[in-house]
Amino acid sequence: MLRIDFPIATTRLTLRPFRPEDAEDVGDYQGRPDVARFMRWEPRGAEDVRVAVEQMTRETGLVSDGDCLSLAVVEPGTGKVVGQVELVLLSAEHRQGELGYVFHPAHQGKGFATEAASAVLRLGFEELGLHRVIGRCHADNTASAGLLERLGMRREARLIGTEFFKGAWRDDLVYAMLQREWQAPAARRDTAHAPEAGTGARA
């Protein structure tokens, strides 16, 4: 249904498929305890990062339910991968998707996560024709929740005690946006300069 094999240019960023040589940049953030805190994985060493990047290099299209499109977020001036964004096809029949993201904390406060995630929503709604896209995060991940709200997504639920997560019961926040909400003028965002207090990750 949707296959990306070329860079996507936003105002300040480039989104492209992952390459094996991205492992060093990805390790700079996936190996950090503050990034892994809300993820289902622990801080990753070099071999685990290599395996993760190898998997993401294959996630270049959305054809069947469960497929994931993973894109490296590159700062053009430096060529450095500063994060990753993804779109999961939850249901082709019902045109449902899920947004995900992970960013290096050193690049927070610049609007990069908002800009990149908005580009993924545009792909989902305008290229793939999705009806609904959700975003989920740990209830304590205020930076991630703030990003979803800046994108114009509605908070629909707080799920209590969804799993035993790193020594405690985890609550999840669920956000969503419909295609008609994306198309509404009020949902448009200035992604070039949208401020953000931090970065987050789907977890």
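The values are calculated or read from the model by the stated rules, or taken from the named source; none is laboratory data. Because the structure is a prediction, the values reported are computed rather than measured. Backbone-built Cβ (ideal geometry, glycine too); neighbour counts: all protein chains shown.
If the condition is being closer than 19 Å to R3 by Cβ and buried (at least 24 other Cβ atoms within 10 Å of the Cβ), then the stretch 98-113 contributes only L99. P76 passes every criterion in (1) farther than 18 Å from R122 by Cα; (2) modelled with pLDDT of 95 or more apart from (2). Which one of these is free of Cβ contacts under 8 Å to residues at least 40 places away in the same chain and part of a helix (DSSP H, G or I): G77, G27, G66? On inspection, the qualifying residue turns out to be G27. Does L148 satisfy the criteria of being under 22 Å from T10 (Cα atoms), modelled with pLDDT of 95 or more and touching a strand residue (DSSP E or B) at 6+ places or on another chain (Cβ under 7 Å)? Here the answer is yes, as L148 does meet what is asked. For V53, the conditions (1) buried (at least 18 other Cβ atoms within 10 Å of the Cβ); (2) free of Cβ contacts under 8 Å to residues at least 24 places away in the same chain all hold with the exception of (2).
Checking each residue in the stretch 71-96 for being small (G, A, S), crowded, with 19+ Cβ neighbours inside 10 Å and farther than 14 Å from E21 by Cα picks out only G83.
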